[in-house]
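> Quick one: structure below, then a few questions.
The values are calculated or read from the model by the stated rules, or taken from the named source; none is laboratory data. Just so we're clear, the structure is a prediction, and the values are computed from it rather than from any experiment. Neighbour counts run over all protein chains shown; Cβ positions are idealised from the backbone, glycine included. Only protein heavy atoms, including side chains, enter the accessible area calculation; ligands, DNA and RNA are left aside. Shrake-Rupley method; radii C 1.70, N 1.55, O 1.52, S 1.80 Å.
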Amino acid sequence: MSDLRRGRRRGNYNCGRCGQPKKGHVCHLNTTAADITTNDSSSVIVSSSPNFPTSPLPPPPRHTNTQLRRALSFDDDFESLTESDNDDDNGYTDFTETVSDSGESGLPSVVLWEIMRKLPPTSLLSAAKVCKGWRDCTKKVWKAAEELRLVVPAKSQIGFVGSVLQKCSKLVRLSLSMESDVDATMLACIAFSCPNLESLEIKMLEKAINRLTGDELGRFVADKRCLSSLKIEGCSHLGYFNFCSSSLSTLWLSNLYSLSKTVINCPNLMELSLDFTQHENDYTDLSTMVDSFARGCPRLQNIHIASVRLSNAVVHALTDANLRGLRMLSLVLGSGITDASVAAIASSFPNLELLDLSGSSISDGGIGMLCNELPDTLSRLLLALCPNITSSGIQFAIAQLPLLEVMDCGMSLCDPNSQNLDEETGSNRNNAACEFNHMQKASNSKLHLIYQKMIIKHLRLKKLSLWGCSGLDALYLNCPELDDLNLTSCTNLHPERLQLNCPSLKSVHASGCQITLVRAIRSQVCNDFDDVVDHCYPFKRLADGSKRIRVPQFLNPQTPDFEKRKRVCIRPPCTVYVR
């Protein structure tokens with residue numbers, strides 16, 4: 001081997017490979033040397049293209065200019081630079097079909113695919129600039145995307161949204177959070193870029209304005225034959241709307257104001273939500289609108305209408321529409337709704353599961369009508385901001401509705417003497433309470449609203465909301481399935497008059513309450529029952545049978561199963577929210 005390394009010198013008559021005299025000599029090391037050269041080149045090829053094992057014939061390594069490396073300020077070594085250059089030349093394989101490792105410096109193709117498809121749109125656009133392989137991967141992710149949630153910045157133009165939507169040829173669900181204004185150009189861009197769109201949601205953020213008119217939105221709904229869900233916020237410039245669609249099943253419109261005409265001809269519509277602005281000069285004719293539901297939307301199951309113009313006439317028009325399949329009814333902020341409307345609702349909708357009459361003027365008598373007509377179906381009852389109901393009516397409703405799971409009576413049991421809520425937690429509630437000052441003034445003379453006591457025992461109740469009930473003085477709960485309790489701003493609730501027998505309780509909201517009440521809540525819901533189990537000795541009567549006393553386990557012939565008792569006593573962790 002020393003002769004092999006020495007190399008050929010001038011005047012040397014020996015073979016440079018084996019060292020034998022050249023005259024009449026045939027070297028037997030020619031084939032071996034060729035094999036060594038080939039094996040060396042193969043090892044370089046394998047290491048230079050680790051990311052693409054599926055390539056049948058990888059190209060030979062390319063000589064890279066070291067001056068280019070210095071000019072681009074690469075910090076890695078020459079071999080890694082050569083590897084990256086070879087990767088760019090080879091192309092990229094299908095991520096959904098190849099499952100193999102890409103070497104020490106790369107990722108498996110399937111792993112890269114899973115990472116890419118979970119990135120937000122902005123990060124996905126940045127990842128496409130890394131290399132050709134990542135760019136091809138991002139293209140596949142865009143093409144395969146069926147749902148897109150995009151935040152449109154305030155200074156962005158229509159070209160930004162159009163460039164993103166054109167990448168998604170299979171998009172069916174689109175959600176836009178707009179920081180910029182929305183107009184007919186944006187709607188036309190969505191209609192052109194997403195031909196198979198099934199769900200569209202537009203949220204207005206900060207100071208963004210929705211400038212869509214009823215004519216523009218009506219044409220969009222009529223042209224999109226596959227559209228089944230439409231949710232748009234900030235629809236204060238509609239003026240009127242005329243929707244005709246055979247595929248639309250869900251329609252949500254918020255911030256509506258002074259609609260001159262409302263036509264909804266959607267035979268398959270099942271959920272309708274119309275949220276009007278809280279202006280006194282809103283002249284929308286709600287009676288005519290709900291009267292047309294029977295002709296245009298015969299399959300309606302969920303209805304939500306929030307307006308200060310709701311009254312008994314609107315409710316009677318809704319009941320005359322003969323929507324026998326209605327499951328959920330929400331009529332919010334209608335101070336003109338009284339017990340007469342409750343009677344019509346209970347008799348017209350026998351399959352009602354949810355009823356929300358928050359902000360109405362119903363009394364305990366109306367609650368009794370609901371309990372008599374809907375005891376076997378009603379599972380969620382929301383009566384917040386109803387100043388005419390008392391704790392007796394709430395207790396009666398919970399006792400008479402065996403399927404009840406959600407009960408909300410926030411701001412209904414208020415102390416007339418309390419003016420303001422806590423500054424941190426009650427500022428948002430004050431805005432809602434100010435809208436019902438005229439209802440609160442009518443109840444100021446009712447002294448029975450002060451120091452009210454509530455005793456609730458229910459087997460299926462899961463959520464109970466008593467936020468803002470400053471007139472509540474005592475509360476006793478025995479609900480084994482209750483997991484969420486809201487006692488926000490219950491300022492007059494005494495700690496010694498609070499008893500929570502709710503082993504499944506997971507969260508208690510107690511912001512705005514007294515410190516002593518918060519401590520009492522924590523002591524009842526956050527106890528560690530391990531020590532109690534260890535000292536929970538069984539009862540045993542004395543020999544004369546006079547009384548029962550606790551005896552230690554070693555004196556008791558019947559030893560209980562401690563592990564079983566321990567599982568029964570330990571409750572799940574509960575969180576008390578005070579801010």
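> So which residues in the stretch 309-326 are open to solvent by 50 Å² or more (accessible area, probe 1.4 Å) and outside any helix (DSSP H, G or I), if there are any at all?
309, 322, 324 - these are the residues of the stretch 309-326 that are open to solvent by 50 Å² or more (accessible area, probe 1.4 Å) and outside any helix (DSSP H, G or I).
> All but one of (1) modelled with pLDDT of 90 or more; (2) touching a helix residue (DSSP H, G or I) at 6+ places or on another chain (Cβ under 6 Å); (3) among the polar types (S, T, N, Q) hold for residue 169, so report the exception by its number.
(1)
> Looking at 489, 443, which is the one that is at pLDDT 90 or above, touching a Leu at 6+ places or on another chain (Cβ under 7 Å) and of a type in the set (Gly, Ala, Ser)?
489
> Something else about it: Filter the stretch 132-159 down to residues that are in a helix (DSSP H, G or I) and either farther than 17 Å from residue 194 by Cα or not hydrophobic (A, V, I, L, M, F, W, C) (or both), then give me how many there are.
Looking only at that region, the number is 11.
> Looking at the stretch 304-358, which of its residues are among the β-branched types (Val, Ile, Thr) and closer than 22 Å to residue 401 by Cβ?
315, 319, 332, 337, 338, 342, 345
> State whether one or more residues within the stretch 398-414 are at pLDDT 50 or above, charged (D, E, K, R), under 20 Å from residue 374 (Cβ atoms) and in a loop (DSSP other than H, G, I, E, B).
Looking through the stretch 398-414, at least one residue is at pLDDT 50 or above, charged (D, E, K, R), under 20 Å from residue 374 (Cβ atoms) and in a loop (DSSP other than H, G, I, E, B).
> Under the condition of being assigned to a loop (DSSP other than H, G, I, E, B) and of a type in the set (Asp, Glu), which residue from the stretch 351-397 is farthest from the chain's Cα centre (by Cα)?
376
> I'd like the residue in the stretch 109-124 that is crowded, with 16+ Cβ neighbours inside 10 Å and at pLDDT 80 or above and, out of all such residues, is nearest to residue 176 (Cα to Cα).
Result: 124.
> Let me ask something else. Give the stretch 194-234 a look and list any residue that's part of a loop (DSSP other than H, G, I, E, B) and of a type in the set (Ser, Thr, Tyr), or say none.
213, 228
> Right, something else. Hey, among the residues in the stretch 261-287 that are part of a strand (DSSP E or B) and within 23 Å of the chain's Cα centre (by Cα), which one's surrounded by the most Cβ atoms within 10 Å (Cβ to Cβ)?
274
> Related question: Among what's in the stretch 330-350 and is buried (at least 19 other Cβ atoms within 10 Å of the Cβ) and assigned to a loop (DSSP other than H, G, I, E, B), pick the residue that is farthest from the chain's Cα centre (by Cα).
By that ranking, first place goes to 338.
> Follow-up. Give the residues of the stretch 351-378 that are buried (at least 20 other Cβ atoms within 10 Å of the Cβ) and among the polar types (S, T, N, Q), sorted by residue number.
Once the filter is applied, which keeps residues that are buried (at least 20 other Cβ atoms within 10 Å of the Cβ) and among the polar types (S, T, N, Q), the stretch 351-378 yields 358, 360, 361.
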